[in-house]
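A.B. asks: Got a structure here, written out as structure tokens. Questions coming.
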Amino acid sequence: MLSKRLIACLDVRDGKLAKSVKFVDTKDIGDPVEKAREYYEDGLDELVFYDITASSDARNIMLHVVEDVAGEVFIPLSVGGGVRSVSDATDLRLAGAEKINVNSAAVKRPELISECAQAIGDQNVVLSMDIRQVPVSPGLPSGYEIVINGGRTPMGMDALAWALQGERLGAGELVVNAIDADGTRDGYELKLTRMIAEAVRIPVIASGGAGVPEHLVDALTEGKADAALVASMVHYGDYRVSELKQYLHDAGVKMRMSW
């Protein structure tokens, strides 16, 4: 059995670490470079960096911030926000990112996934999906819809169908980010995560809603995720990365332990 992963997410706006609740009421809460260093030194498995306004502002990601973060961590760094082309992906790789996250631009032009997979390897291409729950309908049979541009634009696309298409196009990993749970600390959207994890053959990362260590166990067992993404619970100092990994280990979840 492969080890599960604990991933911390740095949402960055104008070069500063930010946090929102359900993608609104966004507040600046610190320095992303300092947090990246802290989490890496405390045993984090992987770091995700999102420039959360790059797509909605129609601009490229801030490469200098990516370079600063990459210079402080020696674990996989996954970066997204405003990736619209192979050139953007290549620039991020040169800035120090190991994996590239595509989201809004891939929804608008799905072949971007294949183009990036061919250029940098499918194992380095992550399809990040922002998803909200909606009434079941013929066009949205899963009851979950894809939303882009930082949660601003609903697309009328079924989330499960998009996950399967993303896998076919060459994505090596999926981030399942539940907008309804984001920042609430009430727990992951387990039904959504499990539905997608059971349908695809590539790793699935549960995102949105972690508040207490039990939520991580739930996501990695009942939710069948391969990795759990955390933000608020570490950014605000409620828990340390090492505490969360030890809790997961003690709960019987196979983790990479370095102490």
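A.B. asks: Identify the residue in the range 181-193 that is among the charged types (D, E, K, R) and surrounded by 20 or more Cβ atoms within 10 Å (Cβ to Cβ) and, among all such residues, is modelled with the highest pLDDT. Walk me through how you get there before you give the answer.
C.D. replies: Taking the range 181-193 as the starting set, the residues that turn out to be among the charged types (D, E, K, R) are 182, 185-186, 189, 191.
In the following step, the residues that additionally are surrounded by 20 or more Cβ atoms within 10 Å (Cβ to Cβ) were identified as 182, 189.
On the way: D182: 86, E189: 97.
Ranking the qualifying residues of the range 181-193, first place goes to E189.
A.B. asks: Can you tell me which residues in the range 1-48 are within 17 Å of A178 (Cα to Cα), modelled with pLDDT under 90 and of a type outside the set (D, E, K, R)?
C.D. replies: Listed by number, the residues that qualify are C9, L10, S20, V21, F23, V24, T26.
A.B. asks: Please tell me if L164 is surrounded by 20 or more Cβ atoms within 10 Å (Cβ to Cβ), within 18 Å of D130 (Cβ to Cβ), at pLDDT 95 or above and out of contact with any Lys or Arg (no Cβ under 9 Å at 6 or more places or on another chain).
C.D. replies: Numbers: surrounded by 20 or more Cβ atoms within 10 Å (Cβ to Cβ): no; within 18 Å of D130 (Cβ to Cβ): yes; at pLDDT 95 or above: yes; out of contact with any Lys or Arg (no Cβ under 9 Å at 6 or more places or on another chain): yes.
No.
A.B. asks: Follow-up question, since we're still on this one. Filter the range 88-104 for residues that are in contact (Cβ under 8 Å) with a residue 12 or more places away in the chain and among the hydrophobic types (A, V, I, L, M, F, W, C); which is surrounded by the fewest Cβ atoms within 10 Å (Cβ to Cβ)?
C.D. replies: A95
A.B. asks: Among the residues in the range 169-182, are any under 17 Å from I146 (Cα atoms), of a type in the set (D, E), under 16 Å from the mean Cα position of the chain (by Cα) and not in a loop (DSSP other than H, G, I, E, B)?
C.D. replies: Scanning the range 169-182, I find at least one residue that is under 17 Å from I146 (Cα atoms), of a type in the set (D, E), under 16 Å from the mean Cα position of the chain (by Cα) and not in a loop (DSSP other than H, G, I, E, B), so the answer is yes.
A.B. asks: Another question, if that's okay. Could you list all residues from the range 113-139 that are under 24 Å from A178 (Cβ atoms), surrounded by fewer than 22 Cβ atoms within 10 Å (Cβ to Cβ) and touching a helix residue (DSSP H, G or I) at 6+ places or on another chain (Cβ under 8 Å)?
C.D. replies: Q133
A.B. asks: Is there a residue being among the charged types (D, E, K, R), within 19 Å of the chain's Cα centre (by Cα) and at pLDDT 95 or above anywhere in the range 132-142?
C.D. replies: Checking the range 132-142: at least one residue is among the charged types (D, E, K, R), within 19 Å of the chain's Cα centre (by Cα) and at pLDDT 95 or above.
A.B. asks: Is it true that Y236 is of a type in the set (F, W, Y) and surrounded by 19 or more Cβ atoms within 10 Å (Cβ to Cβ)?
C.D. replies: So Y236 fails the test.
A.B. asks: Would you please list the contacts, defined by Cβ atoms under 9 Å and residues six or more apart or on different chains, that run from a residue in the range 136-161 that is of a type in the set (F, W, Y) to a residue that is assigned to a loop (DSSP other than H, G, I, E, B) and surrounded by fewer than 20 Cβ atoms within 10 Å (Cβ to Cβ)?
C.D. replies: Qualifying pairs under 9 Å: Y144/V134.
A.B. asks: Can I ask one more? Tell me, please, whether a residue that is free of Cβ contacts under 8 Å to residues at least 12 places away in the same chain and in a loop (DSSP other than H, G, I, E, B) can be found in the range 188-196.
C.D. replies: No, there is no match, as no residue in the range 188-196 is free of Cβ contacts under 8 Å to residues at least 12 places away in the same chain and in a loop (DSSP other than H, G, I, E, B).
A.B. asks: Across the range 167-178, what is the number of residues that are out of contact with any helix residue (DSSP H, G or I) (no Cβ under 6 Å at 6 or more places or on another chain), surrounded by fewer than 24 Cβ atoms within 10 Å (Cβ to Cβ) and among the aliphatic types (A, V, I, L, M)?
C.D. replies: Qualifying residue count for the region: 0.
The values are calculated or read from the model by the stated rules, or taken from the named source; none is laboratory data. What you see is a predicted model; the values in this text were computed from it and never measured. Counting neighbours? That spans all protein chains shown, and the Cβs are built from the backbone with ideal geometry, glycine included.
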